Amino acid sequence: MSIATPLLQVSNLGKSFGGVKAVDGISFDLAAGELLALIGPNGAGKSTTFNMVNGQLKADQGSIRLDGTELVGKRPRDIWRLGVGRTFQIAETFSSLTVVENVQMALISHDRQLFSMWKRAADHKRDEALALLDQVGMKAQADRPCSVLAYGDVKRVELAIAMANSPKLLLMDEPTAGMAPKERNSLMALTKQLVIDRGMAVLFTEHSMDVVFAYADRMIVLARGRLIAQGKPLEIRDHPKVQEVYFGTGKTFEKKMTPAEAA
């Protein structure tokens, strides 16, 4: 299935480890302003695909193009500077720093600035960092250390950090892992709003099907490194191959939940 004017174009992507094909010739597109869910059972190749898009792994074959620029062979930092952000299954922040300092560190890295005793890093783009925190609902806690935050709030700070390079594409690896249902719904509703406001694209992996069906615009399904289905959530829900491979029992997906139901 192809979409118009894709921001991200993945073509015939492949990666092997020894004699095992972790990703076997998958292709998909992703448009600006779209949330695309990448799902599949354990060992399907989701993390390997993510790590190739992010540059942490080099593809053995195929192409990954962002706005026409080839990403295969580029380092993660270079890909980040081209406008690819990422959040992780386990949120990564500096617990000893305050909330705003964590975001300032990301802005410092993006601006490639070094600081000396004559120029305090704490003064660098504080207003911009606070604006990012405001977008994720964390401005009021800007001067609290990250170590005292609830886990859902840490995930919001991580999202603000990921926005520091004004990404065109945001990769979210299990964004709601470890979160309560209301926290999951709140974080994904926030992500959806950021996609709309910024016109960026989001590729995310997720095991919570309530999250996937409530917020994904489209879904792609992997099994044993191969793409077995792609389409809108309602199309995927009743796809016989997805039911067979994903569950192995013929059990069907539950109906799509609305954000209100997911709360």
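Which one is modelled with the lowest pLDDT among residues in the range 229-263 that are crowded, with 19+ Cβ neighbours inside 10 Å and more than 19 Å from ASP210 (Cβ to Cβ)?
Going through the qualifying residues, I end up with VAL245.
Within the bounds of the range 32-43, is there any residue that is assigned by TED's automatic domain parsing to the domain that holds VAL242, part of a loop (DSSP other than H, G, I, E, B) and either in contact with a His (Cβ under 8 Å, 6 or more places away or on another chain) or buried (at least 22 other Cβ atoms within 10 Å of the Cβ) (or both)?
Yes.
What residue, among those in the range 109-143 that are modelled with pLDDT under 90 and crowded, with 17+ Cβ neighbours inside 10 Å, is farthest from GLN193 (Cα to Cα)?
Here the answer is HIS124.
Of all residues in the range 3-31, which are in a loop (DSSP other than H, G, I, E, B) and closer than 26 Å to MET188 by Cβ?
Going through the range 3-31, the residues in a loop (DSSP other than H, G, I, E, B) turn out to be 3-7, 18-19, 31.
Result: ILE3, ALA4, THR5, PRO6, LEU7, ALA31.
From the residues in the range 44-84 that are in a helix (DSSP H, G or I) and among the basic types (Lys, Arg), which one is surrounded by the fewest Cβ atoms within 10 Å (Cβ to Cβ)?
Here the answer is ARG77.
Please determine whether any residue of the range 88-104 is outside the structural domain of MET209 (by TED's automatic domain parsing), in contact with a His (Cβ under 6 Å, 6 or more places away or on another chain) and either at pLDDT below 90 or assigned to a helix (DSSP H, G or I) (or both).
Yes; the residues of the range 88-104 include at least one that is outside the structural domain of MET209 (by TED's automatic domain parsing), in contact with a His (Cβ under 6 Å, 6 or more places away or on another chain) and either at pLDDT below 90 or assigned to a helix (DSSP H, G or I) (or both).
From (1) over 23 Å from GLN9 (Cβ atoms); (2) assigned to a helix (DSSP H, G or I), pick out the condition that doesn't hold for ALA177.
For ALA177, the failing item is (2).
Only one of LEU35, LEU97 is touching a residue at least 12 places away in the same chain (Cβ under 8 Å) and within 24 Å of ALA216 (Cα to Cα); which? If you could, list the steps in order and put the result at the bottom.
On the way: LEU97 fails: within 24 Å of ALA216 (Cα to Cα).
Step by step, each of LEU35, LEU97 is checked, and only LEU35 is touching a residue at least 12 places away in the same chain (Cβ under 8 Å) and within 24 Å of ALA216 (Cα to Cα).
Among the residues of the range 192-227, which ones are surrounded by 21 or more Cβ atoms within 10 Å (Cβ to Cβ), part of a helix (DSSP H, G or I) and touching a residue at least 60 places away in the same chain (Cβ under 8 Å)?
VAL212, TYR215
Scanning for something within 13 Å of the chain's Cα centre (by Cα) and either among the hydroxyl-bearing types (Ser, Thr, Tyr) or modelled with pLDDT under 90 (or both), does the range 178-193 turn up at least one residue?
Checked the range 178-193: at least one residue is within 13 Å of the chain's Cα centre (by Cα) and either among the hydroxyl-bearing types (Ser, Thr, Tyr) or modelled with pLDDT under 90 (or both).
So ALA160 fits all but one of (1) buried (at least 20 other Cβ atoms within 10 Å of the Cβ); (2) out of contact with any His (no Cβ under 7 Å at 6 or more places or on another chain); (3) part of a loop (DSSP other than H, G, I, E, B); what number is the exception?
(3)
Inside the range 5-31, can you point out the residues that are buried (at least 20 other Cβ atoms within 10 Å of the Cβ) and farther than 26 Å from PRO233 by Cβ?
LYS15
Of LEU149, LEU66, LEU159, LEU82, which residue is over 17 Å from ARG198 (Cβ atoms), hydrophobic (A, V, I, L, M, F, W, C) and at pLDDT 90 or above?
That would be LEU149, the only listed residue that is over 17 Å from ARG198 (Cβ atoms), hydrophobic (A, V, I, L, M, F, W, C) and at pLDDT 90 or above.
The values are calculated or read from the model by the stated rules, or taken from the named source; none is laboratory data. Computed from a predicted structure; not experimentally measured. Cβ sites come from the backbone with ideal geometry, for glycine too, and all protein chains shown count toward neighbours.
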